[in-house]
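Here the structure comes first, spelled out in structure tokens, and everything after it is commentary.
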Amino acid sequence: MIKVTNLKKSYGDLEVLKGLDVHIKEREVVVVIGPSGSGKSTFLRCLNLLEDFNEGEVIIDGFNLKDKNIDINKVREEVGMVFQRFNLFPHMTVLDNITLAPVKVRKWSMEKAKQKALELLVKVGLQDKAHVYPDSLSGGQAQRVAIARALAMEPKVMLFDEPTSALDPEMVGEVLAVMKQLAQEGMTMVVVTHEMGFAREVGDRVIFMDGGYIIEEGKPSEIFDNPKHERTKSFLSKVL
Amino acid sequence: MDFRFDIIAEYAPFFLKGVLLTIGLSIIAIIVGSILGLVIGLGKISSKQLVRLPFEWYINFFRGTPLFVQILLVHFGLMPMLFPQPNPIISASVSLSLNAAAYIAEIFRAGIQSIDRGQMEAARSLGMTHVQAMSYIILPQALKRMIPPFGNEFIVLIKDSSLAAIIAAPELMYWGRAAQGQYYRVWEPYLTVALIYLVLTLSLSKLLHYLERRYSAK
């Protein structure tokens with residue numbers, strides 16, 4: 001589904017990704033962990049070209065992102081993204097937030113988009129919030145709407161960029177529960193997070209990044225219970 | 001000191017005509033200036049330097065030189081190249097519009113750049129094109145924030161349109177000068193004109209204040 005080869009990215013002289021190779025299969029849930037500044041968010045943002053990269057190759061759903069002939073918007077239709085700061089559109093109701101892209105990009109009828117949006121709101125437990133504006137939502141509710149908004153495009157892959165880092169602790173659970181359900185339904189997911197419990201329970205594979213490299217990857221049980229690298233051990237000893 | 005109200009009474013119909021032209025010129029300039037200003041403002045935030053450059057210099061020129069000079073350049077320089085008989089009203093509309101466009105472009109630019117980057121990213125991540133993201137997400141939010149500076153620009157235009165008197169566009173100030181020239185009286189015509197400008201700008205600023213409160217409540 002996603003094939004990343006020798007991905008390199010730098011801002012001026014600062015190299016943040018120093019050659020990543022990742023292969024993600026359909027229905028796989030990959031959790032990326034690592035200290036701040038390790039390049040994990042940048043890696044995620046390269047997957048839908050919110051960040052351009054300097055070298056290497058990213059192939060998603062058969063599209064090579066560096067191919068000049070592809071329409072990046074077509075790729076993004078298939079790749080949903082959830083942001084740390086939600087980024088809901090504040091001038092629109094929750095329902096309009098969710099229906100906008102399906103109607104304008106996928107060219108669905110308003111009828112169909114609305115029906116889909118209401119289904120998704122039920123799924124994330126916010127059916128009563130369809131007609132309110134985002135600023136009246138709590139952080140956890142806003143993030144669940146953001147997930148529904150991304151899902152409304154019926155993407156094949158979902159990217160999560162620290163989806164619970166901006167939330168009050170008591171709201172983290174409700175967002176993780178939605179993500180867990182999504183994983184169980186077979187969505188292909190790449191999740192950058194500091195939630196080690198989620199990584200262990202829901203992840204099929206954990207990638208540990210530091211300093212722009214992938215240091216170690218494997219099944220959650222291997223990484224958490226039996227890390228091989230010194231760097232992984234010292235990181236986990238601090239966060240677990 | 002005697003104050004000759006009869007001069008004011010005599011010129012009242014002309015002042016009225018002048019006020020209408022003053023308002024007309026300002027409205028034309030704000031409309032044309034907004035359309036041009038949107039294009040110039042968007043051009044100025046282009047990621048390509050070659051695209052940005054002409055827009056930057058347009059703004060530099062029209063904000064960095066006096067409107068007075070611009071009016072003279074347009075009326076005596078530009079317009080005679082296009083029309084055999086330059087019309088002062090057209091010249092005034094053109095120069096005020098071009099000038100307003102530069103200021104409004106900066107208002108658009110600031111408004112657009114004040115919107116959190118995440119909004120554009122979220123829109124693009126959903127597969128929207130840059131144009132779609134701009135028109136559905138960024139501009140609607142930016143426009144709301146632009147109401148106060150936009151109102152200021154309108155007020156400035158009302159006052160600055162008085163410079164069109166110098167090319168004999170018969171707006172309010174022109175008639176003030178005419179009355180002064182006919183009677184050699186300063187206070188009556190100029191105080192009247194000043195008072196009319198004050199009424200215009202104050203009522204406009206009240207209206208804008210009302211709009212601002214109404215839209216920010218939403």
- Item | Calculated FRET efficiency for the pair B:Arg117/A:Glu170, C-beta based, R₀ 30 Å, to 0.05 | 0.55
- Item | Modelled label reach - B:Gln182, point 7 Å along Cα→Cβ, the range B:11-53 residues with backbone N closer than 14 Å | B:11-18
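Determine Rg/Rh for the range A:49-155; Rg is computed over alpha-carbon atoms and Rh is the Kirkwood hydrodynamic estimate from the same atoms. Present the calculation step by step, with values, prior to reporting the outcome.
On the way: Rg = 15.2 Å, Rh = 14.8 Å.
My calculation puts Rg/Rh at 1.03.
Mind checking the mean number of beta-carbon atoms from other chains within 10 Å of the Cβ atoms in B:132-138? All intermediate terms of the calculation are to be shown ahead of the outcome.
Working: counts 5, 1, 0, 1, 7, 6, 1.
Other-chain Cβ atoms within 10 Å of each residue's Cβ, averaged: 3.
Which value in Å does the Kirkwood hydrodynamic radius of the range A:95-240 take, with 1/r averaged over all unlike C-alpha pairs and then inverted?
Values: mean 1/r = 0.0596 Å⁻¹.
The answer is 16.8 Å.
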- Query: Percent relative contact order of the range A:1-42, based on C-alpha pairs within less than 8 angstrom and at least six residues apart?
  - Reply: 36
- Item | Phi-based couplings in Hz for the range B:96-101 (Karplus 6.51, -1.76, 1.60; Gly and Pro marked x) | 5, 5, 4, 5, 4, 4
- Message: Just to be sure I understand: with springs between alpha-carbon atoms less than 10 Å apart, which residue in A:Asp21, A:Asp13, A:Asp67 has the highest mean-square fluctuation in the Gaussian network model of chain A?
- Response: A:Asp13
- Scoring chain A by relative contact order with C-alpha pairs under 8 Å, at least six apart, yields a percentage of 27
- Long-range lysine pairs (8 or more apart or interchain), chain B, Cα under 23 Å: 6
- Which residues qualify? For A:Phe160, with a placed amide H closer than 5 Å and at least 5 residues away or on another chain, they are A:Val82, A:Val190, A:Val191, A:Val192
- Message: How large are Rg and Dmax for the protein assembly as shown when calculated on the C-alpha trace, in angstrom?
- Response: 30.0, 101
- Inter-probe distance in nm under a simple model that places probes 7 Å from Cα toward Cβ, at B:Val69 and B:Asn152: 2.3
- Query: With the contact rule set at Cα under 8 Å and sequence spacing of 6 or more, what percent relative contact order holds for chain B?
  - Reply: 30
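Need one word for chain B: rounded, prolate or oblate. Basis is the Cα gyration tensor (sqrt eigenvalues a ≥ b ≥ c); a/c below 1.5 gives rounded, then a/b vs b/c decides.
Numbers: a/c = 3.41, a/b = 1.78, b/c = 1.91.
Oblate is the answer for chain B, as a/c is 1.5 or above yet b/c matches or exceeds a/b.
Every number in this text was worked out from the coordinates using simple rules, so none of it is lab data. It should be emphasised that the depicted structure is a prediction, and the values quoted were computed from it without experimental measurement. FYI the Cβ positions are ideal-geometry reconstructions off the backbone, even for glycines, and counts take in every protein chain you see.
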